[in-house]
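Accompanying notes for the structure given below.
The values are calculated or read from the model by the stated rules, or taken from the named source; none is laboratory data. On a predicted model such as this, the values are computed, not experimentally measured, just so you know. Heads up: the accessible areas ignore ligands, DNA and RNA and are worked out on the full protein's heavy atoms, side chains in. Shrake-Rupley method; radii C 1.70, N 1.55, O 1.52, S 1.80 Å.
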Amino acid sequence: MTASSHRLSIHDSSPSTMATWHGAYPYPLLEAEDELFDADDDPPRFVKEVENKRRQNRLAAQRSRQRKKDYVQQLEERVGELNKQLARWKAMVEIYEGMMRAHGVSPLR
């Protein structure tokens, strides 16, 4: 297969040539896209660029998921701390209400 057989363009859109490059890009190319093909490239440069972009996107998504996981974990830890603090305050209220009752004062509740 010659290098020119890898080349697709808007001007060559017959069904037999539309999928010449191993079926990777089965649509006719725009002129701007046609410039991305280099006869020496296998696969074409735009395929490499798309693969690089997908890899970057995949890594960014992994980092984003990890940040979200860390954030949720921090929130859960904070909720745990606040629940402990709430339990301490409730215990303090019970103690002070008991002291008020012992002295004949009605609690405010």
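Observations on the structure shown:
Table: residues versus (1) β-branched (V, I, T); (2) open to solvent by less than 50 Å² (accessible area, probe 1.4 Å); (3) modelled with pLDDT of 95 or more.
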site: S16; (1), (2), (3): no, no, no
site: T20; (1), (2), (3): yes, yes, no
site: E35; (1), (2), (3): no, no, no
site: V50; (1), (2), (3): yes, no, no
site: K53; (1), (2), (3): no, no, no
site: Q56; (1), (2), (3): no, no, yes
site: R63; (1), (2), (3): no, no, yes
site: E76; (1), (2), (3): no, no, yes
site: G80; (1), (2), (3): no, yes, yes
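- Taken over region 93-109, the residue count meeting the criterion of being assigned to a loop (DSSP other than H, G, I, E, B) and open to solvent by less than 60 Å² (accessible area, probe 1.4 Å) is 1.
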